[in-house]
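The structure appears below as structure tokens.
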Amino acid sequence: MQQLFTIFGNPVSHSKSPLMHNLTFQGLNYNGVYTRYKLEDGSQLRQKFFDLNISGANITVPHKEYAFEACDELDEFAKKVGAVNTIVKKDGKLYGYNTDAPGFLKALSEFKESKKILFLGAGGTAQSTSIILRDAGYDITLLNRSAKRLKRYQLDGFKTYTFDSFKYKEEFDLIVNMTSAGLEDESLPCPIEILEQLVPKAKAFVDVIYGKETPFLKFAKQHNIPTKDGSDMLLYQGIIAFEQFTNHQFSFDEIKEYMQKAFTI
Ligand code: NDP
């Protein structure tokens, strides 16, 4: 019987996930189909999952915390970070995983020597990725527009700054845009004066936004700094989700062969 998969979020019309997963189902001859579902009220997620007889789903902005609440079982990492972006139904129970963070860790593997990282932004994506990167030996500092979101990071032992308290003398290997600045507007994630101070020591500027050149990446290019956008993170989180959807029947590289075609169409 054909299995149904979906992405829940709001908005979801721009999402590449249906293309990524459908190309892979087709390529690997797996009897699955992946659709998209615009969900306005995140508290309905669990009910929709069962009503629509869905086998597995990805969850995107703004419902990752609801997804966490919707699950019967959580893997250790999802439990630790409090955010779920992948749910699989097994024997009538919902199992939750976070594949964004391992996806980002994998995407950074080309920068293994760049251990000192500055995150611009302190939202949900920054939360899970900061923890996995620290566990992998990176040194993460967070700089955020408002102080409120930084509290939980301080409690977790991370070094944090707001724009006002940022010490200009600090040096970082990688500067990562973890905000949504530049996604639907033309804003930088922090004042340009801060970015200018970071230029001399930065080995690369990395953005989690994909599919467009953000003002942040444009700035880096103007200063001849290597850049990387969020496409690899998207691809790798998708591969890891697909492994869960299909119960590890296929290897990472087998999945990658088909899923990466979504980025050439
Ligand atoms: P959240 O809403 O949880 O957090 C948003 C963060 O961005 C906050 O720190 C907020 O600061 C900051 N911010 C928003 N607008 C601005 C601005 N104009 N200037 C400065 N700071 C700003 O978002 P998420 O963590 O869920 O998502 C962050 C980004 O990650 C999104 O762009 C999303 O598309 C991307 N993403 C990419 C993935 C991929 O696979 N490539 C996977 C998951 C996410 P404040 O606290 O001051 O409001």
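The values are calculated or read from the model by the stated rules, or taken from the named source; none is laboratory data. Predicted model only: the values in this text are computed from it and were never measured. Cβ sites come from the backbone with ideal geometry, for glycine too, and all protein chains shown count toward neighbours.
Could you list, ordered by first residue, the pairs with Cβ atoms under 7 Å in which the first is in segment 119-142 and at positive phi and the second is part of a strand (DSSP E or B) and of a type outside the set (A, V, I, L, M, F, W, C), at least 6 apart or interchain?
121/144; 121/177
Out of segment 146-161, which residues are within 12 Å of the ligand (Cβ to nearest atom) and surrounded by 17 or more Cβ atoms within 10 Å (Cβ to Cβ)? Show your work before the answer.
Taking segment 146-161 and keeping what is within 12 Å of the ligand (Cβ to nearest atom), we get 146-153, 160.
Residues satisfying the conditions are 149, 150, 153, 160.
Taking the residues in segment 134-179 that are part of a loop (DSSP other than H, G, I, E, B) and basic (Lys, Arg) as candidates, determine which candidate is farthest from residue 100 (Cα to Cα).
Per the stated criteria, the residue is 169.
Considering only segment 23-133, give the helices (runs of 4 or more DSSP H) lying wholly within it that have at least 1 residues that are more than 13 Å from the ligand (Cβ to nearest atom) and modelled with pLDDT of 95 or more. Walk me through it before giving the result.
Numbers: elements: 45-51, 64-70, 76-81, 100-107.
Counting at least 1 such residues, we get 45-51, 64-70, 76-81.
Filter segment 187-197 down to the residues that are assigned to a helix (DSSP H, G or I) and surrounded by fewer than 18 Cβ atoms within 10 Å (Cβ to Cβ), then identify the one that is nearest to the ligand (Cβ to nearest atom). Write out each step before concluding.
Within segment 187-197, the first condition is being assigned to a helix (DSSP H, G or I), and the residues that meet it are 192-197.
Adding the requirement that they be surrounded by fewer than 18 Cβ atoms within 10 Å (Cβ to Cβ) leaves 192-193, 196-197.
Numbers: 192: 12, 193: 14, 196: 16, 197: 17 Å.
Taking the candidates together, the pick is 192.
Among the residues of segment 198-205, is any within 16 Å of the ligand (Cβ to nearest atom), of a type in the set (Val, Ile, Thr) and out of contact with any helix residue (DSSP H, G or I) (no Cβ under 6 Å at 6 or more places or on another chain)?
No, every residue in segment 198-205 fails to be within 16 Å of the ligand (Cβ to nearest atom), of a type in the set (Val, Ile, Thr) and out of contact with any helix residue (DSSP H, G or I) (no Cβ under 6 Å at 6 or more places or on another chain).
Just checking, how many residues over segment 208-260 are outside any helix (DSSP H, G or I) and out of contact with any Gly (no Cβ under 7 Å at 6 or more places or on another chain)?
17
For a quick check of your reading of the model, give me the residue pairs whose first member lies in segment 161-185 and is at positive phi, whose second is of a type in the set (A, V, I, L, M, F, W, C) and surrounded by fewer than 20 Cβ atoms within 10 Å (Cβ to Cβ), with beta-carbon atoms closer than 8 Å and at least 6 apart or on different chains.
182/188
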